[in-house]
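> Sharing a structure, written as C-alpha cells. Questions coming.
Readers should treat all values here as calculations from the given coordinates under stated rules, not as data from a laboratory. Computed from a predicted model, the values in this text were never measured in an experiment. With ideal geometry, Cβ positions are generated from the backbone for all residues, glycine too; neighbour counts draw on all protein chains shown.
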Amino acid sequence: MSRVLGVVLFIVLLVIAWQTVRTPFPEYEREIRLQVKSTIEAVFPEQAAQAKARFGLVRMREPQAGMPDVVLVHGLDDPGMVWMNLAPALHAAGHGVSVLNYPNDQPVRDSAQLFADELQSMFTRQTEEITIVAHSMGGLVSREMLSNPTLRCGGTDCRMPRVAHLIMVGTPNHGSYLARFRGLGELREHFSRMIDGEAGLLDSIFDGSGEAGLDLIPGSAFLTELNSLAYPEGTAMYVIAGVIAKEEAESLARLIEDVESDAGSALVIPVAEQLGDGLVSVESARLAGVPLFRVSGNHLSIIRNISTGSKRIPPAIPIVLQLLRK
C-alpha cells in the first residue's frame, strides 16, 4: 500500500511541477503541441482522415413551419451528452436543431473557422437565419466566428445564415483558472467515445493537442484579442452563468481548509472566492453590455441532468426557450 501511495504522490508532484514550469511559456508549449500533432497525422494519414470525418454540422431535427433553426455548440472535452435535455426541449417547441461537432482540443480559432465553413454550407441548403446556443468554450468558438472579420470565409465575400441570437451558457469569456487542469476532462471524453465505439486510439491527438486549453487561460493572447473586438452586428447576445448552491460552496470552503499545499490552494481558492459554476466564475462569464442571467447549479447541471431518467428541468433551459421567443 505504501508503495502505491508513493507512486500516486510522485505522479501528483509531476503534474504540479509540469503546471508550474509550463506557465511562463504558453506559446512555446503551443508550438511543441502542433509539431507533435502534425507528425502523427503525417504518419497515420488514413486514421487522421477518419477522425476528421466525424466533425461538422449535423442536422438532428427539422423545424416546424415558421420556427427558427437552433445550432448547438459544445465546449471543451465534451463527449456529446451536454445537449441531452436541451435538444428534446427545442424540438418539442418546434425548433430545428443542428449540432456542431469539432476538434475541441485544437486552437479555438481553428474551430471557429470550421464553424464558419459549415454555416456557409448550411446557407446553401436554404437556411437563412439561425440562433446559436453554446455551452462553455463553445461560446468562445461562436464569438470568434461572428466577431473576427478576417476569419469568416477566409476574409472573402460569402453568404451565411443571419445569426439572430447567440446564447452563451457557462462560457469563460475571460478565461478559467482550471483550464490548465483539463487532462481529466479529456480522458473522460475519449474514454466515453471509445466505450460507444466512436473513437480510435489516436483520436485524442486528432482532436487537437490541447491548444484550446492554452487559449482558455486568463490573459491568453487569444482571449485578449477576442475581447478587443466589437460585438457582431445584428446578433443579440445573452449570457447565462451558473452559481453553485450553498451546500456546494460550503463543501468547497471545507476543502480549502484541508488543503495544505500552496499548489492546491492556488487551484481551489480562485474558484471559492469567485464562486460561479465551479469552473467558470460569474465575472469571467460576464460581458459588458450583454444581459446576464444567473441560475443555480454547477457547470454541467445548469444545462443538463446527470441521469438520463431524471425529470428535473435544468435551470438554463427555460431561459433559452424564453429568449428564443424574442
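> Between Ala236 and Glu129, what length in nm is gained on full extension when 0.36 nm per residue of separation is reduced by their alpha carbon distance? Display every interim value, and only then the final one.
Details: separation 107, 0.36 × 107 = 38.52 nm, distance 1.29 nm.
In short, 37.2 nm is gained.
> Report the label-to-label distance for Glu283 and Val58 in nanometres (one decimal), using points 7 Å from each Cα along the Cα→Cβ vector.
The modelled label-to-label distance comes out at 3.9 nm.
> Another question, if that's okay. Take each of the peptides 161-174, 230-243, average the number of other beta-carbon atoms within 10 Å over its residues, and list them starting from the highest. If you can, show how the numbers build up before the last one.
Working: 161-174: 23.1, 230-243: 17.9.
Going by the mean number of other Cβ atoms within 10 Å, highest first, we get 161-174, 230-243.
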